[in-house]
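Note sheet for the following structure.
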Amino acid sequence: METLQIYWWFVISLLGGLLVALLFVQGGQTFLFSCQTEERKSLFVNVLGRKWELTFTTLVTFGGAFFASFPLYYSTSFGGAYWLWMLILFSFILQAVSYEFRTKPGNIFGTKTYDVFLFVNGCVGCVLLGCAVAMQFFGADFEVSRQSILDPGSPVISVWNKAHGFEEIFSLRGLLLGLTVLFLARTAGVMFFYQNVNDPRRNDFLKRAKARILINGVIFVVLFLAFVAVLFLADGYAPDADGHIRPVANKYFWNLIDLWWIGAAFVLGVLMVLYAIVRCVMSTDFRNQGFWWMSAGVVIVVTCLFCISGYNNTAYLPSVTHPDSSLTIANSSSTEFTLRVMAWVTCLLPVVIGYIAYVWHKLTCPAISAKELAESDHNY
């Protein structure tokens, strides 16, 4: 049972890493109003339009995996902090509507309205997802009462405060992580353009792309270092000898030390991200590799952060007001039968990943150009 719980937490962590890496779509959308020409904006929108569904699908898969493997988290977080998650969902609905209707005949709102929607999704989606993930490290105000499911007046297991997650939007530590995710996504978004857009004004495009990678990359690194410092100095929660969950000083830092293989992977991922940023700024020849180095590093770093939030007997969703209600991978998982059956299902993942890689290659090679858009009968 414990092995299955550990395995499924790694699957959740990996999906979280993939989700954050795919937020380059949201990051790219935040540059639509800084395009010098409508042609360049059209190139940006269309190259992102070929990828936006991957991000949305990964978000849904992330939630579905939580529902299957750790249903108590699903009901506690998604059902309790519903204002936060509903705002996240609404921002992604704006994105879907925008890509589908932006250039359709009979669009009475105009393309600029949908450009605003894409910009909102790019900013708000990233920041709010960061706020939601921050709850897993710094906790939230809730109480788990399994007996309440029998209450006909209020049959809910998890009881939250009256704000129901809305207060997390104003949490300084949550906003710190949210802004970190935003500038990470913006940096990755420019790298994606750098690699996959064949702009007719090539020299101007490459010059501006390098400048944006440098500016957003530096801001991201500063915010990331600040978040890591706050995280390592923060208290985590873990069961004591009597089974009661209590605060533990510098828990996440010691998790990274105790689980040294995760710590080594974390450092490797950080170095890969830094290498991608520096090389993209220093060399035009690296434009076809920078995005992949960046994405791989992000997946590794985020996966490691999720791992240390749940492994080593750590509460991955602490309750700051009722510590014994904090969720661990041991007290919130599905039954052994469910975890085992779903583990067999994950054997199909290599096939799914292979299909995604094939489709990705077909949709992005060669780089998109104005000529291709002019000849295409389907533009976003």
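Each reported figure results from applying straightforward, stated rules to the coordinates on display, with no laboratory input. Only a predicted model underlies this, so the values are computations on that prediction, with no experimental measurement involved. Methodologically, a virtual Cβ is constructed for each residue, glycine included, from the backbone with ideal geometry; neighbour enumeration extends over all protein chains shown.
Return V221, V60, V25 ranked ascending by Cβ neighbour count within 10 Å, so the fewest neighbours appear first. Walk me through the numbers before you get to the answer.
Working: V221 18, V60 12, V25 27.
Fewest-to-most ranking of V221, V60, V25: V60, V221, V25.
Where is the GNM fluctuation largest for the chain (alpha-carbon springs, 10 angstrom cutoff): L23, L43, L268?
L268
Could you give the size of the charge dipole of the chain about its Cα centre, using +1 on the Cβ of each K and R and -1 on the Cβ of each D and E, expressed in debye and rounded to the nearest 20?
Numbers: 24 positive and 23 negative charges, 282 e Å.
With Lys and Arg at +1 and Asp and Glu at -1, about 1360 debye.
Mind telling me which of A264, A234, A357 comes out most flexible in a GNM of the chain, alpha-carbon contacts under 10 Å?
Looking only at A264, A234, A357, the biggest GNM fluctuation is shown by A357.
Reachable lysines from K112, Cα under 24 Å, same-chain residues fewer than 8 places away excluded?
K41, K51, K104, K371
Have a look at L177, T30, P323 and report the one farthest towards the positive end of the charge dipole of region 2-375, computed about the Cα centre with Cβ charges (Lys/Arg +1, Asp/Glu -1).
T30
Using alpha carbon centroids, what distance separates region 196-264 and region 304-321, in Å?
16 Å
Counting pairs of alpha carbon atoms under 8 Å apart in space and at least six apart in sequence, what relative contact order in percent does the chain give?
Details: 576 pairs, mean separation 101.4, N = 380.
Once divided by the residue count of the chain, the mean separation gives 27 percent.
Neighbour counts of other C-beta atoms within 10 Å: give me I88, I257 arranged from fewest to most. Could the numbers behind the result be given before it?
Details: I88 21, I257 12.
Placing the least packed residue first, the sequence is I257, I88.
Placing +1 on the Cβ of each Lys and Arg and -1 on the Cβ of each Asp and Glu in the chain, which of L305, L373, I353 has its Cα farthest towards the positive end of the resulting dipole?
L373
Between region 345-380 and region 21-56, what is the C-alpha centre distance in whole Å?
Each part's Cα centre sits 15 Å from the other's.
Show me the ranking of peptides 207-217, 307-317 by mean Cβ neighbours inside 10 Å, starting with the highest. Display every interim value, and only then the final one.
Values: 207-217: 19.2, 307-317: 24.0.
Descending mean neighbour count gives 307-317, 207-217.
Between helix 82-101 and the chain, what is the angle of the helix's C-alpha long axis to the longest principal axis, kept within 0 to 90° and rounded to the nearest 10?
Helix 82-101 sits at roughly 20 degrees to that axis.
For the chain, with the dipole built from +1 on Lys and Arg beta-carbon atoms and -1 on Asp and Glu ones, taken about the Cα centre, which of F220, L271, F205 lies farthest toward the positive end?
My answer, from the dipole projection, is F205.
As a footprinting exposure proxy, order R246, R287, R102 by other Cβ within 10 Å, with the fewest listed first.
Numbers: R246 14, R287 19, R102 23.
With the fewest neighbours first, R246, R287, R102 line up as R246, R287, R102.
Residues in region 54-75 near a label at V345, defined as backbone nitrogen under 13 Å from the 7 Å Cα→Cβ point?
Flagged as within label range: 61-71.
Expressed as cubic angstrom per residue, what is the convex hull volume of the alpha carbon set of the chain?
On the way: hull volume 57.2 nm³, N = 380.
That works out to 150 Å³ per residue.
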